[in-house]
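Each value in this text was obtained by applying a stated rule to the coordinates, not by laboratory testing. Here the structure is a predicted model, which means the values were calculated and not measured. Cβ: placed from backbone, ideal geometry, glycine included. Neighbour counts: every protein chain shown.
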Amino acid sequence: MAKVKTTLSIDETLMRQVRIRAARSSRSQSEVLEAALREGLGVIDRIRAKARLSEDEALDLASEVVHEVRGQGRRKRKS
C-alpha cells in the first residue's frame with residue numbers, strides 16, 4: 001500500500017503515548033499511529049453496521065466508549 005507523508009497537530013499527551021507504545025513494541029511512531037487509526041475507524045464502521053447509525057452518531061458513540069475505557073484505566077492505576 002502506498003504511503004503518504006502528512007503533517008498533523010496532535011495533543012502532546014497523546015503523542016507521548018504514541019512514542020511510548022512505539023518504543024515498547026519496537027515499532028515506528030508511524031506504525032503505531034496507523035494501527036490506531038485503522039482500529040478506531042474499524043470500530044466506527046462496526047458500530048454503524050450493527051446499530052444502523054449515521055457516521056456522526058457512530059463516531060459520537062465510539063468517542064463515548066473510548067472515554068469510558070480510558071476513565072476505567074485511570075481509576076485502576078490510581079488504586
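Determine the relative contact order of the chain: mean sequence separation of Cα pairs under 8 Å and six or more apart, normalised by residue count, in whole percent. Display every interim value, and only then the final one.
Working: 21 pairs, mean separation 11.3, N = 79.
Averaging sequence separation for qualifying contacts and normalising by length gives 14 percent for the chain.
7 Å from Cα along Cα→Cβ at both H67 and E55: what's the point-to-point distance in nm?
2.2
If I stretch the segment between S9 and A22 completely, what's the gain in nm (0.36 nm per residue apart, minus their alpha carbon distance), one decimal?
Details: separation 13, 0.36 × 13 = 4.68 nm, distance 1.83 nm.
Fully extending the segment from S9 to A22 adds 2.8 nm.
Divide by every residue of the chain the summed helix terms, -39500 (n - 2.57) for each DSSP H run of at least 4, and state the resulting mean residue ellipticity at 222 nm, rounded to the nearest 500 deg cm²/dmol.
-26500 deg cm²/dmol
When all alpha-carbon pairs of the range 1-71 are counted, what percent fall beyond 22 Å? Walk me through the intermediate numbers first.
Numbers: 860 of 2485 pairs.
When all Cα pairs of the range 1-71 are counted, 35 percent exceed 22 Å.
Count the net charge of all other residues whose Cβ sits under 11 Å from the Cβ of E55, scoring Lys and Arg as +1 and Asp and Glu as -1.
Summing Lys and Arg as +1 and Asp and Glu as -1 gives -3.
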